Ligand SMILES: [Zn+2]
């Protein structure tokens, strides 16, 4: 059986974060793993006023419960941090305020994990600065995250 040593979250949407706990959000499923997330992302989701600012569909209270549960194991980083040898993050805010992507290299091999940057529902629209609907009004859009990917891949607007 394999052991998870580190879990790195690109962002804190339910489909990325909630798997850290059991179905009742009562215990961590990987209690020995170090959890790593962007401090900007965690700060955004930890705002006590957030439930009044985003759609109830985002279920911010469940996300906040998961973050509280994770907090003893959670290492907050700034985008750009190297979280392990060869594992470097970079800022791709847009899908969420603190979204990060990850570049992993080992020897001559490398991979870019973009999280939800290019699956953002606003990307295929003619106006790529359109914000992801749940976060309209926060001053960023899908274009922001995609432009930050450009130096690292062939994605172009
Ligand atoms: Zn997402």
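Brief remarks on what is shown
- Matching entry among 101, 105, 121 (being within 15 Å of the ligand (Cβ to nearest atom) and at pLDDT 85 or above): 101
A quick yes/no check of all residues on (1) more than 20 Å from residue 7 (Cβ to Cβ); (2) surrounded by fewer than 16 Cβ atoms within 10 Å (Cβ to Cβ):
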position	(1), (2)
31	no, yes
35	no, no
42	no, no
45	no, no
77	no, no
86	no, yes
93	yes, no
109	yes, yes
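- Hits in segment 8-58 (condition: more than 21 Å from residue 94 (Cα to Cα) and within 16 Å of the ligand (Cβ to nearest atom)): 19, 20
- Pairs with Cβ under 7 Å, 6+ apart, first in segment 8-21 and outside any loop (DSSP other than H, G, I, E, B), second within 13 Å of the ligand (Cβ to nearest atom): 14/59; 14/63; 16/9; 16/10; 17/9; 17/63
The values are calculated or read from the model by the stated rules, or taken from the named source; none is laboratory data. None of these values were measured; they are calculated from a predicted model. Note: ideal-geometry Cβ built from the backbone for every residue, glycine included; neighbour counts use all protein chains shown.
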